[in-house]
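The values are calculated or read from the model by the stated rules, or taken from the named source; none is laboratory data. Every value quoted in this text rests on a predicted model; they were computed, and no experiment measured them. Glycine also receives a Cβ, built like all others from the backbone with ideal geometry; neighbour counts cover every protein chain displayed.
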Amino acid sequence: MSDTYAPGYTAAQYVKGIGGSHSGISVLIDGVAAFVPVDPANADYANIVALVEAGTLTIVSPPA
């Protein structure tokens, strides 16, 4: 059994910032609502990017 904890990310959706750019991602992390900034230094953002690249998570566009 591994002692490494890997959080579960679901329901990811980009959040619009000023000017319409993506300021972050609204996501459920282990079922808890969270906001993850678009920042490569952020561990949750790095995990989300890795899941998207692996094809196991999709980030939907924000509502118009």
Can ALA6 be described as part of a loop (DSSP other than H, G, I, E, B), at pLDDT 95 or above and loosely packed, with under 10 Cβ neighbours inside 10 Å?
no
Among (1) in contact (Cβ under 8 Å) with a residue 12 or more places away in the chain; (2) surrounded by 15 or more Cβ atoms within 10 Å (Cβ to Cβ); (3) under 11 Å from the mean Cα position of the chain (by Cα), VAL49 falls short only on (1)
Taking VAL32, is it more than 8 Å from the chain's Cα centre (by Cα) and within 12 Å of THR10 (Cβ to Cβ)?
yes
May I ask you to say which residue of ALA33, ALA12 is outside any loop (DSSP other than H, G, I, E, B), exposed (fewer than 13 other Cβ atoms within 10 Å of the Cβ) and at pLDDT 95 or above?
ALA33
Residues that are within 14 Å of PRO7 (Cβ to Cβ), touching an Asp or Glu at 6+ places or on another chain (Cβ under 6 Å) and not in a strand (DSSP E or B): does the range 44-61 have at least one?
yes
Are any of the residues in the range 42-62 touching a Lys or Arg at 6+ places or on another chain (Cβ under 6 Å) and not hydrophobic (A, V, I, L, M, F, W, C)?
yes
Can you tell me how many residues within the range 52-64 are of a type in the set (A, V, I, L, M, F, W, C), in contact (Cβ under 8 Å) with a residue 40 or more places away in the chain and more than 16 Å from GLY8 (Cβ to Cβ)?
1
